[in-house]
Amino acid sequence: MLPESIVLGKEVPKRERSSFLNPLIRPSLSEADERDESLALIRPSSFEFSWKRKTDSEIYHERIKHAELANQLSLLDHTARPLDPCPFEFKVHWKDNDGIRRNHICDDWETAQALRNFSRKYGESEALKRLHDKYQDYYKRGLALAFSTHSRRNKTYGTKNQWLLVGLIRLDHSTQGDFLLD
C-alpha cells in the first residue's frame, strides 16, 4: 500500500471514541503477549510523567541518527528533513492492571512537539509544568498508553517482546458499558 492510497474517512465523534477503541484495550502487556499481539492499548491503574534534560552528547548522537534515517527515506530526493531532537527525555512511570509497576521512555513526536509549542508560548519551565499537568489530566479523564513491539526483539525472533511506548492517547472513560458483539 502506498501512502498516497490512504484516503481520510469520517472523523469519529469524541463521544464515540471510547467505544470504538475499548475492544483494543488490554489490562496488561502480559495479556497482549499471550494474545500474540504486537500492538496494545493499556489504561494504566497509576500514572506519572517525568523528564530529564538530555546531555549535549545525547542530542548530538540523536541528531546524527535522525539525519541518517532521513537520508534512508529519501535517496533520490531531499524532501525528508531530519527531526530536531527534543532536549528532554520523557518517562512514564505506570502500573498495569496486573499490579506490575513499569517505566517507559516516551519518545513520541507529539509529546516533543507539545513541549515546543508550549515553550514558544510560555517558556521552557512553564512548558514542562503544563505538559505534566496535561498528561495528569488525561490520566484522570481517561488515558490509554499505546505500545508496539520492537521489530527485532519480539516473539518472531524467539525472544521476549520488548514493548515500546509509541503514544499517549486521551481516551475518556466510558460513562456507559460498551456492547461487544462476537
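Annotations
- Those helices (runs of 4 or more DSSP H) of the range 1-75 in which at least 3 residues are farther than 25 Å from Cys86 by Cα and touching a residue at least 24 places away in the same chain (Cβ under 8 Å), considering only elements entirely within it, cover 14-21, 29-34.
- Restricting the range 89-121 to residues that are charged (D, E, K, R) and farther than 23 Å from Tyr60 by Cβ, the residue that is nearest to the chain's Cα centre (by Cα): Glu110
- When His132, His104 are screened for being surrounded by 15 or more Cβ atoms within 10 Å (Cβ to Cβ) and either under 15 Å from Val166 (Cβ atoms) or among the aliphatic types (A, V, I, L, M) (or both), only His104 passes.
- Matching residues, the range 1-53, being aliphatic (A, V, I, L, M) and under 14 Å from Trp94 (Cα atoms): Leu29, Leu41, Ile42
Only the coordinates and a few stated rules stand behind these numbers; no lab work does. None of the values given here were measured: they were computed from a predicted structure. We place every Cβ from the backbone using ideal geometry, glycine too, and count neighbours over all the protein chains shown.
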